[in-house]
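Colleague: First, the structure itself, so that you have it in front of you.
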Amino acid sequence: MSKKLKVAVWKFASCDGCQLSLLDCEDELLAVADAIEIAYFLEATRATVAGPYDLSIVEGSVTTPHDAQRIVEIRKQSRSLVTIGACATSGGIQALKNFGEVGDFIRTVYASPEFIDTLTTSDPISKHVKVDFELQGCPINKLQLLELVLSAVQGRAPRIPHHSLCVECKRKGVTCTMVARGDTCLGPVTHAGCGALCPSYDRGCFGCYGPMDTPNMAALDHRLADLGASARDRERAFASFYVNAKAYREHRELVTSGKVPESKS
Amino acid sequence: MSHDVFKADSKLPDRLLVALREQGYTTIGPTARDGAIVLDEIHASADLPVGLREDQEAGHYRLQARRDEAVFGHTVGPQSWKRYLFPPNHRLWAAKRSGGSFEIKPQHEADHRLAFIGVRPCELAALEIQDRVFFGEEHVDPHYAALRTRAFIVTVNCAEAAPTCFCGSMGTGPRAEDGYDLALTEILGRGRHEFLVEVGSERGATLLEALELKPAGKDALEAARKKAAELAGSMTRRVETDGLAEALMANLEHPHWAKTAERCLACANCTMVCPTCFCSTVEDVADLSGDHDERWRRWDSCFNSQHSYVHGGNMRPTIRSRYRQWLTHKFAGWIDQFGTSGCVGCGRCITWCPAAIDLTEELAALRGAVTT
Ligand code: SF4
Ligand code: SF4
Ligand code: SF4
Ligand code: SF4
């Protein structure tokens, strides 16, 4: 590696949890610092280096007109741009506002609503600019983030599996909560990456890694209905971190419109 | 090999465990944990699922108490022995950069010897199928071979079958005639709790010597065979294997594939729990310095879309094509490749499918006439 990769880490509407994963890589930090030049990372240092950048890592969703302009500028300054976390890849939990009246929320929450300048939706970065890779998760898995950085350093595609969470349960030897307990588990349509955290603690998956590559939403919905989950519960199960992900969003619309039968039996 | 048969009392499991551990074996067997019977190291019979059975149906599994103290009164749980011989995550080798080149450090299997306690006849058949895959011909997997040839197999014949079992159709159970070191048949009732012990290898015979068991009469073996035949005949789930491979391959465009695909989650659970499925993916993991590299093998599945990704695209983009791959490979392709069906009728893929898809029903529908 002759020249260090010049990397910038950007924040939009988010909780910082994903960027902090990078600082959480304590054992690997020195090697990271050796392999890349961190040119812009306000969470870690005040010093900033002007663009262009080899790699921009973007956290957070676009929620204001100012954000919408800023991401276009960042894209122009970046050879490669990757997004990390539920906010950047889908709009995040704050995208719940996409399904309500933003004006009502603002009037309820803020004493002086006239100072609030916000978009009516919380958008994934990919709605505004071209994104080279989306790393899903709320928060992301730090080892996958390292893999993402490493793949950029080595100039190859990142090795991030896009299959269901169930694969992680089975590799780990975790007994299926859905089959052995009848729990609602979103694992069969959810992107792997968390290491089957919830099923390991006897809880069904909440879907915080968002949809897998080919989610069969209707099939899971049928099964959850058979197991006794009401339409309201099935709709709400998907109204969290990845509420605005296409597969989840479209499916909720179907369920709420009553187009999905209550039970197949 | 002589087929010696002995009788033993209910202390047999403990005595066997002691004898195996004294010989340096790590004893692995069924144990109840988190609402299921899983496999783990067991030290004494108290670790075994004494007095438990499973309620199994498509997409459904619950542990239940038995009315007796049967040690092996269950059938098969979510895990299979492949987790030990073909581990879900396995380092194949590590490499270190040195100068302008690199050094490969091969992975030596730990020197441990595993003893598998409670291998069901269908699982024994599954081990034999994986043997053909991993060291059948010229391509020997050294990791699998090292562990497998050292493993001591204690089979347990089944006295009861789960509703999901169909070994009767696949000719793999519920009784094993060979392929084990020792085979146990548990006999319970009218105040009796005994075991019939059959010897299947020199290793098995040597181990038994120290236990000084009494020979069993010929009639005991006959009775066990008769019971097994009755059990095989009473299984409710069936697969008609005659002409199945041909029927499947002739029905590749059967409309039923699409119907199943509507229900299938492509979650891969069926392939992960299947004791014969062997697909894996290989991952090179390098550190940031680029000086160290490790190659890992991990369980993969034909249901994962990336599994069939080749340069430029995915060969099986739809769930329909992936489900069809799984079923036709299992029941037709394997016969051409390995000379055996890939299914032993253990029923795991039925129980552990979160969508409750039952391959025995799918097979029956798929070989039926195409109705439009
Ligand atoms: S617990 Fe959930 S994620 Fe795990 S195997 Fe079952 S359905 Fe899949
Ligand atoms: S399929 Fe047959 S051999 Fe396997 S557990 Fe069931 S009864 Fe036993
Ligand atoms: S296909 Fe299903 S029933 Fe057949 S061996 Fe595999 S898991 Fe068992
Ligand atoms: S058949 Fe069942 S277990 Fe297998 S991939 Fe489809 S839904 Fe998952």
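Colleague: Considering B:Thr185, B:Thr271, which residue is within 28 Å of B:Gly51 (Cβ to Cβ), of a type in the set (Val, Ile, Thr) and at pLDDT 95 or above?
Modeller: Only one candidate passes the filter, namely B:Thr185.
Colleague: Residues to consider are B:His139, B:His193; find the one that is open to solvent by 40 Å² or more (accessible area, probe 1.4 Å), within 30 Å of B:Asp9 (Cβ to Cβ) and not acidic (Asp, Glu).
Modeller: Details: B:His139 fails: within 30 Å of B:Asp9 (Cβ to Cβ).
It is B:His193.
Colleague: Considering (1) out of contact with any strand residue (DSSP E or B) (no Cβ under 7 Å at 6 or more places or on another chain); (2) within 16 Å of ligand 1 (Cβ to nearest atom), say which one B:Trp299 fails and leave the rest.
Modeller: B:Trp299 satisfies all of (1) out of contact with any strand residue (DSSP E or B) (no Cβ under 7 Å at 6 or more places or on another chain); (2) within 16 Å of ligand 1 (Cβ to nearest atom) except (1).
Colleague: Can you say whether B:Gly118 is modelled with pLDDT under 95 and within 14 Å of the chain's Cα centre (by Cα), as far as the supplied structure shows? Before you say what the answer is, go through the steps one by one.
Modeller: Numbers: modelled with pLDDT under 95: no; within 14 Å of the chain's Cα centre (by Cα): yes.
No; evaluated as a whole, the condition is false for this residue.
Colleague: Answer with yes or no whether A:Glu26 is within 14 Å of chain B (Cβ to nearest Cβ), loosely packed, with under 14 Cβ neighbours inside 10 Å and either touching a residue at least 60 places away in the same chain (Cβ under 8 Å) or not small (Gly, Ala, Ser) (or both). So that I can check it myself, show each step before the final result.
Modeller: Working: within 14 Å of chain B (Cβ to nearest Cβ): yes; loosely packed, with under 14 Cβ neighbours inside 10 Å: yes; either touching a residue at least 60 places away in the same chain (Cβ under 8 Å) or not small (Gly, Ala, Ser) (or both): yes.
Spelling it out, A:Glu26 is indeed within 14 Å of chain B (Cβ to nearest Cβ), loosely packed, with under 14 Cβ neighbours inside 10 Å and either touching a residue at least 60 places away in the same chain (Cβ under 8 Å) or not small (Gly, Ala, Ser) (or both).
Colleague: Checking the conditions here, which among A:Ser240, A:Ser200, A:Ser257 is over 20 Å from A:Thr83 (Cα atoms) and away from every other protein chain (no Cβ under 12 Å)?
Modeller: Numbers: A:Ser240 fails: over 20 Å from A:Thr83 (Cα atoms); A:Ser200 fails: away from every other protein chain (no Cβ under 12 Å).
Answer to the selection: A:Ser257.
Colleague: In the stretch B:151-235, which strands (runs of 3 or more DSSP E) lie fully inside it and hold 2 or more residues that are within 10 Å of ligand 2 (Cβ to nearest atom)? Explain how you work it out, then say what you get.
Modeller: On the way: elements: B:152-156, B:182-189, B:192-199.
By residue number, B:152-156.
Colleague: In addition: Looking at the stretch B:259-306, which of the residues that are touching a helix residue (DSSP H, G or I) at 6+ places or on another chain (Cβ under 9 Å) and among the hydroxyl-bearing types (Ser, Thr, Tyr) is nearest to ligand 3 (Cβ to nearest atom)?
Modeller: Residues of the stretch B:259-306 touching a helix residue (DSSP H, G or I) at 6+ places or on another chain (Cβ under 9 Å): B:259-279, B:281, B:285-290, B:297-305.
The next check asks that each one be among the hydroxyl-bearing types (Ser, Thr, Tyr); those that pass are B:260, B:271, B:276, B:281, B:289, B:301, B:305.
Working: B:Thr260: 14, B:Thr271: 8, B:Thr276: 5, B:Thr281: 19, B:Ser289: 43, B:Ser301: 12, B:Ser305: 21 Å.
For the stretch B:259-306, the residue satisfying everything is B:Thr276.
Colleague: For B:Ala126, all conditions in the list (1) in a helix (DSSP H, G or I); (2) away from ligand 2 (no atom under 16 Å from the Cβ); (3) closer than 30 Å to B:Thr351 by Cβ hold save one; what is the number of the exception?
Modeller: (2)
Colleague: Could you list, in sequence order, all residues of the stretch B:254-279 that are outside any loop (DSSP other than H, G, I, E, B) and within 11 Å of chain A (Cβ to nearest Cβ)?
Modeller: Looking only at the stretch B:254-279, we keep the residues that are outside any loop (DSSP other than H, G, I, E, B), and these are B:256-263, B:269-273.
Selection gives B:Thr260, B:Ala261, B:Glu262, B:Arg263, B:Asn269, B:Cys270, B:Thr271, B:Met272, B:Val273.
Colleague: Looking at the stretch B:302-372, what helices (runs of 4 or more DSSP H) fall wholly within it and have at least 2 residues that are modelled with pLDDT of 95 or more and more than 12 Å from every other protein chain (Cβ to nearest Cβ)? Before the answer, list the steps.
Modeller: Details: elements: B:319-328, B:334-338, B:348-351, B:359-367.
Because the criterion is at least 2 residues that are modelled with pLDDT of 95 or more and more than 12 Å from every other protein chain (Cβ to nearest Cβ), the helices (runs of 4 or more DSSP H) in the stretch B:302-372 that meet it are B:319-328, B:334-338, B:359-367.
Colleague: In the list B:Glu103, B:Glu69, B:Glu41, which residue meets the criterion of being without any contact (Cβ under 8 Å) to a residue 24 or more places away in the chain and under 30 Å from B:Thr206 (Cα atoms)?
Modeller: Of the residues listed, the single one that is without any contact (Cβ under 8 Å) to a residue 24 or more places away in the chain and under 30 Å from B:Thr206 (Cα atoms) is B:Glu41.
Colleague: Also, I was wondering about something else. Please determine whether any residue of the stretch A:115-122 is charged (D, E, K, R) and without any contact (Cβ under 8 Å) to a residue 24 or more places away in the chain.
Modeller: The answer is no, given that none of the residues of the stretch A:115-122 is charged (D, E, K, R) and without any contact (Cβ under 8 Å) to a residue 24 or more places away in the chain.
Colleague: Search the stretch A:34-67 for residues being in contact with a Cys (Cβ under 7 Å, 6 or more places away or on another chain) and of a type in the set (Gly, Ala, Ser), and hand back the single one that is surrounded by the fewest Cβ atoms within 10 Å (Cβ to Cβ). Lay out the reasoning, then the answer.
Modeller: Residues of the stretch A:34-67 that are in contact with a Cys (Cβ under 7 Å, 6 or more places away or on another chain), as a first pass: A:59-61.
Pick out the ones that are also of a type in the set (Gly, Ala, Ser) and you get A:60-61.
Working: A:Gly60: 26, A:Ser61: 30.
Filtering first and then ranking leaves A:Gly60.
Colleague: Right, another one. In the stretch B:343-372, what residues are more than 19 Å from the chain's Cα centre (by Cα) and farther than 23 Å from B:His254 by Cβ? Write out each step before concluding.
Modeller: Going through the stretch B:343-372, the residues more than 19 Å from the chain's Cα centre (by Cα) turn out to be B:354-357, B:361-372.
Within the stretch B:343-372, B:Pro354 is the sole residue that qualifies.
Colleague: Also, quick follow-up: Looking only at residues that are touching a residue at least 40 places away in the same chain (Cβ under 8 Å) and open to solvent by 20 Å² or more (accessible area, probe 1.4 Å) in the stretch B:22-38, which one is nearest to the other protein chains (Cβ to nearest Cβ)?
Modeller: Quick first cut of the stretch B:22-38, residues touching a residue at least 40 places away in the same chain (Cβ under 8 Å) only: B:23-30, B:36-38.
Now narrow it down to the ones that are open to solvent by 20 Å² or more (accessible area, probe 1.4 Å): B:23-24, B:26.
Working: B:Gln23: 27, B:Gly24: 25, B:Thr26: 16 Å.
By that ranking, first place goes to B:Thr26.
Colleague: Related question: I'm checking my understanding of the structure. Among residues of the stretch B:322-342 that are within 20 Å of B:Arg263 (Cβ to Cβ) and open to solvent by 20 Å² or more (accessible area, probe 1.4 Å), which one is farthest from the chain's Cα centre (by Cα)?
Modeller: Initially, the stretch B:322-342 is screened for residues within 20 Å of B:Arg263 (Cβ to Cβ), giving B:322-331.
Checking which are open to solvent by 20 Å² or more (accessible area, probe 1.4 Å) leaves us with B:324-325, B:329.
Numbers: B:Arg324: 22, B:Gln325: 20, B:His329: 17 Å.
This residue is B:Arg324.
Colleague: Run down A:Val174, A:Val167, A:Val153 and say which single residue is assigned to a helix (DSSP H, G or I), within 9 Å of chain B (Cβ to nearest Cβ) and modelled with pLDDT of 95 or more.
Modeller: On the way: A:Val174 fails: assigned to a helix (DSSP H, G or I); A:Val153 fails: modelled with pLDDT of 95 or more.
Matching residue, one of A:Val174, A:Val167, A:Val153: A:Val167.
Okay, residues lined up against (1) closer than 23 Å to B:Glu198 by Cβ; (2) of a type outside the set (A, V, I, L, M, F, W, C); (3) not assigned by TED's automatic domain parsing to the domain that holds B:Cys343:
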site	(1), (2), (3)
B:His60	no, yes, yes
B:Arg83	no, yes, yes
B:Trp93	no, no, yes
B:Gly99	no, yes, yes
B:Leu124	yes, no, yes
B:Glu128	yes, yes, yes
B:Arg132	no, yes, yes
B:Tyr144	no, yes, yes
B:Thr149	yes, yes, yes
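Colleague: Report, by residue number, each residue of the stretch A:104-128 that is surrounded by 11 or more Cβ atoms within 10 Å (Cβ to Cβ) and either assigned to a loop (DSSP other than H, G, I, E, B) or not assigned by TED's automatic domain parsing to the domain that holds A:Lys11 (or both).
Modeller: Restricting attention to the stretch A:104-128, the residues satisfying the condition of being surrounded by 11 or more Cβ atoms within 10 Å (Cβ to Cβ) are A:105-107, A:110, A:113, A:116, A:118-128.
Selection gives A:Tyr110, A:Ile116, A:Thr118, A:Leu119, A:Thr120, A:Thr121, A:Ser122, A:Pro124, A:His128.
Colleague: List the number of the failed condition for A:Leu145; all other conditions in (1) without any contact (Cβ under 8 Å) to a residue 60 or more places away in the chain; (2) open to solvent by less than 20 Å² (accessible area, probe 1.4 Å); (3) of a type in the set (A, V, I, L, M); (4) assigned by TED's automatic domain parsing to the domain that holds A:Glu28 hold.
Modeller: Condition (1) is where A:Leu145 drops out.
Colleague: Check A:Ser90 against each of (1) open to solvent by 30 Å² or more (accessible area, probe 1.4 Å); (2) farther than 18 Å from A:Ala8 by Cα and name the one condition it does not meet.
Modeller: With respect to (1) open to solvent by 30 Å² or more (accessible area, probe 1.4 Å); (2) farther than 18 Å from A:Ala8 by Cα, A:Ser90 is out only on (1).
Colleague: Among the listed residues A:Gly137, A:Gly182, identify the single one that is in contact (Cβ under 8 Å) with a residue 12 or more places away in the chain, within 14 Å of chain B (Cβ to nearest Cβ) and on the phi > 0 side of the Ramachandran plot. Lay out the reasoning, then the answer.
Modeller: Values: A:Gly137 fails: within 14 Å of chain B (Cβ to nearest Cβ).
The conditions single out A:Gly182.
Colleague: Being without any contact (Cβ under 8 Å) to a residue 12 or more places away in the chain and crowded, with 16+ Cβ neighbours inside 10 Å is the filter; apply it to the stretch B:280-294 and report the residue that is farthest from the other protein chains (Cβ to nearest Cβ).
Modeller: Going through the qualifying residues, I end up with B:Ala286.
Colleague: Of everything in the stretch B:41-95 that's within 10 Å of chain A (Cβ to nearest Cβ) and aliphatic (A, V, I, L, M), which residue is most open to solvent (accessible area, probe 1.4 Å)?
Modeller: By that ranking, first place goes to B:Leu63.
The values are calculated or read from the model by the stated rules, or taken from the named source; none is laboratory data. From a predicted model like this one, the values you see are computed outputs, not experimental measurements. Because the Cβ atoms are built from the backbone with ideal geometry, glycine has one as well, and the counts that use them run over all protein chains shown. Side chains included, ligands, DNA and RNA excluded: accessible areas come from the protein's heavy atoms. Shrake-Rupley method; radii C 1.70, N 1.55, O 1.52, S 1.80 Å.
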